[in-house]
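The values are calculated or read from the model by the stated rules, or taken from the named source; none is laboratory data. Quantities reported herein were computed from a predicted structural model and do not represent experimental measurements. All Cβ positions, glycine included, derive from the backbone under ideal geometry; neighbour counts span all protein chains shown. Heavy atoms of the whole protein, side chains included, go into the accessibility calculation; ligands, DNA and RNA do not. Shrake-Rupley method; radii C 1.70, N 1.55, O 1.52, S 1.80 Å.
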Amino acid sequence: MKNAPFHSLKKTAVALALGSVMAVQAVSATELTVYTAVESDDLQKYAERFNQAHPEISIRWVRDSTGVMTARLLAEKENPRADVIWGLAATSLLMLDKEEMLQPYAPAGVENLDPKFVDANNPPAWVGMDAWVAAICYNTVEGEKLGVPMPTSWEDLTRPEYQGHVVMPNPNSSGTGYLDVSSWIQLWGEEKAWEFMDGLHNNISRYTHSGSAPCNLAGSGEAVVGVSFAFRAARLKSQGAPVEVVFPSEGLGWDMEAAAIVKGTQNLEAAKTLMDWAISREANELYNEGYAVVAMPGVAQPIENYPADIVDRMINNDFSFSAVNRDRILQEWQRRYDGKSEAR
């Protein structure tokens with residue numbers, strides 16, 4: 001080493017210095033544990049973009065379906081393990097807020113969001129990101145082969161020709177499944193909604209534990225009709241799957257993906273940084289790549305295979321009703337229909 005040219009020594013010194021800086025950065029990076037129900041293919045994209053903007057924060061992602069994540073958070077109430085919830089149904093966050101599990105925080109720029117995407121409390125306990133909307137996936141090839149017509153309404157799915165050809169998410173494990181059940185009750189009232197679900201149940205082949213699974217099954221031809229959500233249906237159609245996206249005529253249930261800080265986090269400043277980014281214009285533009293309705297007005301561009309009037313087709317969703325009555329509705333649903341749920 002003593003005979004090495006000066007420029008080699010200089011290079012070595014610079015490399016060592018850079019390595020030291022990177023090591024210090026790695027050691028000093030704050031780690032956040034983030035619970036999410038965001039679709040896996042989108043989560044990777046969101047995570048990469050956040051990491052580019054904030055390399056000083058390392059995130060340990062914990063992902064599962066909405067129902068599973070909600071149950072896990074409630075089970076951990078006395079000993080929270082998450083720092084932030086990012087991409088969970090607003091109805092779930094309302095329930096968690098009722099249990100005093102959320103840390104109120106007004107992210108920088110929250111005033112730029114549509115007020116219906118922001119908790120009414122000041123400061124808000126949670127903020128919305130985007131809205132996902134109920135839809136039906138219909139496989140045109142299998143439908144024609146089996147003589148199963150394309151539905152145009154929710155009521156159509158109770159007709160005899162659909163028997164054994166409909167797949168739907170279990171609302172106990174899927175946020176999409178719960179927004180369906182909750183929206184039907186809001187549309188028709190309890191008595192008629194349960195009567196409808198009795199008829200629908202007769203035609204169900206199975207209930208899945210994922211909101212996207214019914215549409216994926218329709219796309220692959222394993223089912224003719226999948227009760228799912230518009231984002232997944234539209235994406236499959238754009239990818240060439242033989243599906244039509246059906247928006248039932250009675251109206252569309254919907255829920256928000258929302259974010260919140262978990263009360264008691266030891267990494268509050270890093271959690272606030274993530275919340276600030278989650279409602280930024282950059283983040284909203286990312287959400288709009290899959291969702292036609294996002295929290296920040298003026299950002300959303302038309303999405304392929306979505307109707308231009310999608311917002312007008314969305315029901316006037318009472319999130320408070322959905323949150324307050326969630327346990328009761330789910331218990332009744334399970335009592336009536338859980339026998340057709342797929343194994344976990």
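Where the second residue is buried (at least 17 other Cβ atoms within 10 Å of the Cβ) and modelled with pLDDT under 90 and the first is assigned to a helix (DSSP H, G or I) and lies in segment 32-46, which pairs have Cβ atoms under 7 Å and are six or more apart or on separate chains? Taking only residues 6 or more apart or on different chains, the pairs are ASP42/GLY290. Among the candidates GLU289, GLU222, GLU250, the residue that is in a loop (DSSP other than H, G, I, E, B), of a type in the set (D, E, K, R) and at pLDDT below 95 is uniquely GLU289. Taking the conditions (1) β-branched (Val, Ile, Thr); (2) open to solvent by 20 Å² or more (accessible area, probe 1.4 Å); (3) under 30 Å from SER153 (Cβ atoms); (4) touching an Asp or Glu at 6+ places or on another chain (Cβ under 6 Å) in turn, THR265 satisfies each one other than (3). In segment 130-152, which residue that is touching a residue at least 60 places away in the same chain (Cβ under 8 Å) and part of a loop (DSSP other than H, G, I, E, B) is farthest from the chain's Cα centre (by Cα)? Looking at residues that are touching a residue at least 60 places away in the same chain (Cβ under 8 Å) and part of a loop (DSSP other than H, G, I, E, B), I get VAL148.
Can you tell me which residues in segment 106-148 are within 25 Å of ASN305 (Cβ to Cβ) and among the aromatic types (Phe, Trp, Tyr)? PHE117, TRP132, TYR138, listed by residue number. I'd like to verify a number: residues in segment 329-344 that are open to solvent by 60 Å² or more (accessible area, probe 1.4 Å), hydrophobic (A, V, I, L, M, F, W, C) and either touching a helix residue (DSSP H, G or I) at 6+ places or on another chain (Cβ under 6 Å) or assigned to a helix (DSSP H, G or I) (or both), how many? Qualifying residue count for the region: 0.
Residues considered: GLY290, GLY298. Of these, the only one that is in contact with an Asp or Glu (Cβ under 7 Å, 6 or more places away or on another chain) and closer than 25 Å to LYS45 by Cα is GLY290.
Anything in segment 272-290 that is open to solvent by less than 10 Å² (accessible area, probe 1.4 Å), of a type in the set (Phe, Trp, Tyr) and in contact with a Phe, Trp or Tyr (Cβ under 7 Å, 6 or more places away or on another chain)? List them, or say none. Full working, then the answer.
First, pick out the residues of segment 272-290 that are open to solvent by less than 10 Å² (accessible area, probe 1.4 Å): 274-275, 278-279, 283-284, 286-287, 290.
Checking which are of a type in the set (Phe, Trp, Tyr) leaves us with 287.
Across segment 272-290, there are no qualifying residues.
Residues of segment 294-315 that are open to solvent by 50 Å² or more (accessible area, probe 1.4 Å), more than 23 Å from VAL167 (Cα to Cα) and touching a residue at least 60 places away in the same chain (Cβ under 8 Å): PRO297, GLU304. Restricting attention to segment 63-90, the residues that are exposed (fewer than 13 other Cβ atoms within 10 Å of the Cβ) and either under 17 Å from ALA278 (Cβ atoms) or not charged (D, E, K, R) (or both) add up to 2. Is it true that some residue in segment 153-167 is farther than 30 Å from THR91 by Cβ, in contact (Cβ under 8 Å) with a residue 24 or more places away in the chain and of a type in the set (A, V, I, L, M)? No; the residues of segment 153-167 include none that is farther than 30 Å from THR91 by Cβ, in contact (Cβ under 8 Å) with a residue 24 or more places away in the chain and of a type in the set (A, V, I, L, M).
Please indicate, with yes or no, whether at least one residue in segment 237-252 is within 19 Å of the chain's Cα centre (by Cα) and surrounded by fewer than 16 Cβ atoms within 10 Å (Cβ to Cβ). No. Open to solvent by 10 Å² or more (accessible area, probe 1.4 Å) and not polar (S, T, N, Q), is that true of LEU94? Considered against the rule, which asks whether it is open to solvent by 10 Å² or more (accessible area, probe 1.4 Å) and not polar (S, T, N, Q), LEU94 comes out as yes.
Every test in (1) over 16 Å from the mean Cα position of the chain (by Cα); (2) open to solvent by less than 10 Å² (accessible area, probe 1.4 Å) is passed by ARG159 save one, and that test is (2). Counting just the residues of segment 73-95 that are of a type outside the set (Val, Ile, Thr) and closer than 16 Å to MET129 by Cβ, which one comes out farthest from the chain's Cα centre (by Cα)? Once the filter is applied, the top-ranked residue is LEU94. Checked against the criterion of being outside any helix (DSSP H, G or I) and out of contact with any strand residue (DSSP E or B) (no Cβ under 6 Å at 6 or more places or on another chain), the candidates ALA82, ALA106, ALA71 yield just one match: ALA106.
Scanning segment 316-328 for residues that are open to solvent by 80 Å² or more (accessible area, probe 1.4 Å), more than 28 Å from ASN202 (Cβ to Cβ) and not in a loop (DSSP other than H, G, I, E, B) yields a count of 1.
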